[in-house]
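Notes follow the structure.
Laboratory data are not the source of any read-out in this text; all were calculated from the coordinates shown. A quick note: this is a predicted structure, and the numbers were derived from the prediction, not measured. FYI the Cβ positions are ideal-geometry reconstructions off the backbone, even for glycines, and counts take in every protein chain you see.
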Amino acid sequence: MQPWVLAKSNMKRCKQVSNIVIQAMHLLAAMFEPFMPSFSAKVYEQMNVKRTATHEVLYEHLKDHPERLATLVPVGHEIGDPQPIFREISEDEMNKWKAQFGGENK
């Protein structure tokens, strides 16, 4: 939806799209935390969201109350500075890992 473009022509829609993305990122961080804790920690930090014990039951709670998805991050909340979460993998690293973990070529 390119909110940076929408901001020039339709600010109301821009705010809607931005809200959906912010709420979705918060939910993804909570869902991925058991599997990718460092990813979730970086998302919480960049979103300026303090992780609490309620994040552990967030998904189950939303299953019964999907309308609350739009309010995970409150209106007016200030997001932190964006930074890359994953680093770029060089071609050399990729080739090394393919050789190391790629299995046998038949």
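For the chain, averaging the sequence separation of C-alpha pairs within contact (under 8 Å, six or more residues apart) and dividing by the residue count gives a relative contact order of 25 percent. Annotated for region 3-101: lysine pairs at least 8 residues apart or interchain, Cα distance under 28 Å, count 10. From its DSSP helices (H runs of at least four residues, each -39,500 (n - 2.57)), the chain gives a residue-normalised ellipticity at 222 nm of -17000 deg cm²/dmol. Full extension of the chain between S18 and N95 yields a length gain of 24.0 nm, computed as 0.36 nm times the residue separation minus the alpha carbon distance. Taking only the Cα atoms of region 3-101, the radius of gyration and Dmax are 17.0, 51 Å. Distance between the modelled labels on Q83 and A41, one decimal in nanometres: 1.2 nm (7 Å Cα→Cβ projection).
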